[in-house]
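Participant: I have a structure here, written as structure tokens, and I will follow up with some questions on it.
The values are calculated or read from the model by the stated rules, or taken from the named source; none is laboratory data. Computed from a predicted model, the values in this text were never measured in an experiment. With ideal geometry, Cβ positions are generated from the backbone for all residues, glycine too; neighbour counts draw on all protein chains shown.
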Amino acid sequence: MMPLILASGSPRRKQWLESLSIPFEIMAPDIDETPDEAEDPADLVVRLAKGKAALISAANPGRWVLAADTTVAVDHHTLNKPADVEDAVRMLMLIQGRRHEVHTGMCLQCDQNIYAFVDTAEVFLRPLSEAQARWYVASGEPMDKAGSYAAQGIAALFIERIEGSFATVMGLPVERLSSLLQELGLLQRWIGMPG
């Protein structure tokens with residue numbers, strides 16, 4: 001059976017698939033990730049995941065394609081990757097000391113077989129001073145992350161607790177993904193896991 005195609009350049013998603021021993025190759029699509037006006041953050045990540053999967057699937061008939069997209073939301077406002085240092089500091093100051101949501105949309109597609117969903121986790125950050133936020137931004141870690149932080153990195157110092165899947169916060173809801181892959185018989189075929 002041909003390996004899974006990961007329609008993402010995310011190192012975190014690559015690490016998850018490697019840890020699950022699923023054979024895959026990477027084909028990162030280039031799509032416009034601009035939210036539609038007043039688009040709900042959960043709807044946005046599902047739309048983008050489906051768009052990425054569709055683009056790669058169309059060029060690879062008969063292959064299973066996995067795509068995902070993650071965003072942070074607070075008060076129904078979408079916080080994607082920061083545009084610059086000041087934007088990263090602004091986002092951190094907006095979410096510090098309070099609860100926010102991390103939505104990861106996922107799509108698994110092979111030709112006309114499409115399975116898509118969103119998984120949401122709630123993250124509670126400790127209060128941060130602006131000096132702490134600037135110190136963290138100066139590390140460079142938040143500059144390509146939705147919401148301007150990486151829960152698996154230095155930002156773990158700021159997290160009070162997570163309600164939901166840590167994997168979802170990292171960008172791939174592996175619990176739900178593995179259930180779907182097993183249900184479809186793909187884990188059995190890719191890694192020989194008994195049904």
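Participant: Of the conditions (1) over 21 Å from A150 (Cα atoms); (2) assigned to a loop (DSSP other than H, G, I, E, B); (3) not polar (S, T, N, Q), R47 fails just one. Which one is it?
Facilitator: Going through (1) over 21 Å from A150 (Cα atoms); (2) assigned to a loop (DSSP other than H, G, I, E, B); (3) not polar (S, T, N, Q) one by one, R47 breaks only (2).
Participant: Go through region 171-193 residue by residue and tally those that are part of a loop (DSSP other than H, G, I, E, B) and over 28 Å from T71 (Cβ atoms).
Facilitator: Total satisfying the criteria: 3.
Participant: Among L181, L177, L125, which is the only one that is under 25 Å from L20 (Cα atoms) and in contact with a helix residue (DSSP H, G or I) (Cβ under 6 Å, 6 or more places away or on another chain)?
Facilitator: The unique qualifying residue is L181.
Participant: Quick one: P35 ticks every box in (1) in a helix (DSSP H, G or I); (2) modelled with pLDDT under 95 bar one, so which box is it?
Facilitator: All conditions pass for P35, except number (1).
Participant: Of the conditions (1) assigned to a helix (DSSP H, G or I); (2) free of Cβ contacts under 8 Å to residues at least 60 places away in the same chain, E25 clears all except one; give me its number.
Facilitator: In the conditions (1) assigned to a helix (DSSP H, G or I); (2) free of Cβ contacts under 8 Å to residues at least 60 places away in the same chain, E25 misses (1) alone.
Participant: Moving on to the next point. Could you list, in sequence order, all residues of region 124-148 that are outside any helix (DSSP H, G or I) and over 12 Å from A88 (Cα atoms)?
Facilitator: Within region 124-148, F124, L125, R126, P127, L128, S129 meet the criteria.
Participant: Give the residues of region 1-22 that are under 26 Å from G192 (Cβ atoms), in a loop (DSSP other than H, G, I, E, B) and of a type in the set (G, A, S), sorted by residue number.
Facilitator: A7, S8, S21
One line per residue, one yes/no per condition, for (1) under 19 Å from T168 (Cα atoms); (2) of a type outside the set (K, R):
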site: V45; (1), (2): yes, yes
site: K50; (1), (2): yes, no
site: A54; (1), (2): no, yes
site: R63; (1), (2): no, no
site: A67; (1), (2): yes, yes
site: A83; (1), (2): no, yes
site: A88; (1), (2): no, yes
site: M91; (1), (2): no, yes
site: G97; (1), (2): no, yes
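Participant: Another one. So D87 passes all but one of these: (1) surrounded by 13 or more Cβ atoms within 10 Å (Cβ to Cβ); (2) of a type in the set (D, E); (3) modelled with pLDDT under 95. Which condition number does it fail?
Facilitator: If we test D87 against (1) surrounded by 13 or more Cβ atoms within 10 Å (Cβ to Cβ); (2) of a type in the set (D, E); (3) modelled with pLDDT under 95, just (3) comes out false.
Participant: Which numbered condition trips up I56, out of (1) outside any helix (DSSP H, G or I); (2) surrounded by fewer than 24 Cβ atoms within 10 Å (Cβ to Cβ); (3) under 18 Å from the mean Cα position of the chain (by Cα)?
Facilitator: Of everything listed in (1) outside any helix (DSSP H, G or I); (2) surrounded by fewer than 24 Cβ atoms within 10 Å (Cβ to Cβ); (3) under 18 Å from the mean Cα position of the chain (by Cα), I56 misses just condition (1).
Participant: Still on this structure, I have one more. Among the residues of region 61-70 satisfying the criterion of being surrounded by fewer than 22 Cβ atoms within 10 Å (Cβ to Cβ) and under 18 Å from L181 (Cβ atoms), which is nearest to the chain's Cα centre (by Cα)?
Facilitator: Of region 61-70, the ones surrounded by fewer than 22 Cβ atoms within 10 Å (Cβ to Cβ) are 61-63.
Of the ones still in play, those that are also under 18 Å from L181 (Cβ atoms) are 62-63.
Details: G62: 25, R63: 22 Å.
Looking at residues that are surrounded by fewer than 22 Cβ atoms within 10 Å (Cβ to Cβ) and under 18 Å from L181 (Cβ atoms), I get R63.
Participant: Give the residue, chosen from A83, A121, A88, A151, that is free of Cβ contacts under 8 Å to residues at least 12 places away in the same chain and either small (G, A, S) or assigned to a loop (DSSP other than H, G, I, E, B) (or both).
Facilitator: Answer to the selection: A83.
Participant: Need pairs with beta-carbon distance below 6 Å; first residue free of Cβ contacts under 8 Å to residues at least 60 places away in the same chain and within region 97-117, second part of a strand (DSSP E or B) and among the acidic types (D, E); sequence gap 6+ or separate chains.
Facilitator: R99/E122
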